[in-house]
Amino acid sequence: MKILHLYHDLMNLYGDWANVAAMQRILEKSGESVRVDKVTLGGSADLESCDFIFIGSGTERNLRVALEDFRKYSSALEKYAESGKVILMTGNSFEMLGKSLTDSGGKTVEGLGFFNFASVEQNKTRVTGDVIYSCDFLTQPLVGFVNKCSEIRGIEKPLFSVQMGLANFDGDKSEGIRKNNLFGTHLTGPVLIKNPHFLAYLAEIILGRAPQTDYLTFERAGFDVTLGELKKRMEA
């Protein structure tokens, strides 16, 4: 099986490279031979041959640099997503998929236009915080951390419902975006390390069968502790 890690050197905040390591490990534990291809600016990748694509979070400047290079994959990425294969985009990387991105100075650039949402930076003011999210495809909630300076409006099919913490925009109760098995979320942590049930869910889609998960003892314990502490905050 092949994992593609796009812009590994440019979009590399918050240790999110560990999402790739976690996916590689669960696939290998499940009996698969796995190759990880790292492709960055100026490189090329055959998306059709990949089983899992990951893009992490970057600075606002790096996001725009990555976007200009990412445009060359637009058609291939759309076909990949329509095929039902798995794409995970964390932090601000999924903002590239919208119709536009506007920076804190008011300059707007076109996104890839896969979705109709617009992303707008909020006067260089970052919003951060721990979060609890829920979704309709997992019985357990998800935990993690969000650090962003953008608001996103116009998402028709969000990925998560917000139980605690930051949403797509102030006053909203939803976060991220999903289409088929394309998952975009500002949730970092890394998300697949902090939420082993989400890791197992994605791995099952990739494998077409239940993955091996009995080795995830520490990850499950970490999730339980984090969720418990965050719930205490909600109840305080």
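The values are calculated or read from the model by the stated rules, or taken from the named source; none is laboratory data. Predicted model only: the values in this text are computed from it and were never measured. Please note: Cβ atoms are built from the backbone with ideal geometry, for glycine as well, and neighbour counts cover all protein chains shown. Surface areas here come from the heavy atoms of the whole protein model, side chains and all, with no ligands, DNA or RNA. Shrake-Rupley method; radii C 1.70, N 1.55, O 1.52, S 1.80 Å.
Overview of values
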item	result
FRET E, pair GLU82, MET164, Förster distance 45 Å, beta-carbon r, rounded to 0.05	0.85
Distance in nm between pseudo-label sites at THR139 and ASP224 (7 Å out along the Cβ direction from Cα)	1.5 nm
Residue-averaged 222 nm ellipticity for the chain, from DSSP H runs of 4+ at -39500 (n - 2.57), nearest 500	-8500 deg cm²/dmol
HN-Hα J in Hz across the stretch 2-12 - Karplus 6.51, -1.76, 1.60, θ = phi - 60°, x for Gly and Pro	10, 9, 10, 9, 8, 6, 4, 9, 9, 10, 9
Helix runs (DSSP H) in the chain reaching 24 Å along axis by Cα, Kyte-Doolittle at least -1.0	217-235
29 Å Cα-Cα threshold exceeded, pairs from LYS29/LYS85; LYS107/LYS148; LYS85/LYS173; LYS99/LYS194; LYS2/LYS231; LYS38/LYS173	LYS99/LYS194; LYS2/LYS231; LYS38/LYS173
Label point distance in nm, ARG71-THR108, each placed 7 Å from Cα along Cα→Cβ	1.7 nm
Percentage, to the nearest whole number, of Cα pairs in the chain over 34 Å apart	10 percent
Modelled FRET efficiency - R0 41 Å, ARG61 with VAL36, Cβ distances, 0.05 increments	0.95
Accessible-area value, ARG178, 1.4 Å probe, nucleic acids and ligands omitted, Å²	60 Å²
Shape metrics for the stretch 120-233, restricted to C-alpha atoms - Rg then Dmax, Å	14.6, 46
Over the stretch 93-163: Rg over Rh, Cα atoms, Kirkwood Rh	1.02
DSSP-defined beta bridges in the chain - what % are antiparallel, rounded to 5	55 percent
Convex hull of the stretch 48-92 built on C-alpha atoms - directionally averaged projected area, nm²	3.1 nm²
Derived scalar couplings ³J(HN,Hα) [the stretch 170-187; Karplus, 6.51 cos²θ - 1.76 cosθ + 1.60; whole Hz; x for Gly, Pro]	4, x, 7, 10, 9, 8, x, 8, 9, 9, 6, 10, 9, 10, x, 8, 6, 5
³J(HN,Hα), Karplus 6.51/-1.76/1.60, whole Hz, each residue of the stretch 101-111, x for Gly, Pro	10, 10, 7, 5, x, x, 7, 10, 10, 6, x
Whole-Å semi-axes of the ellipsoid equivalent to the stretch 1-128 (Cα gyration tensor, √5λ, descending)	27, 16, 12
Protein accessible area in the chain, 1.4 Å probe - carbon and sulfur %	48 percent
Rounded to the nearest 10 Å², the accessible area of HIS5 at probe 1.4 Å	10 Å²
Amide H partners (placed H, <5 Å) of GLY144, local residues excluded	VAL131
Förster radius 35 Å - calculated FRET efficiency between ASN123 and ASP214, Cβ distance, rounded to 0.05	0.15
Rg to Rh, two decimals, where the stretch 1-67 supplies the alpha carbon set and Rh follows Kirkwood	1.00
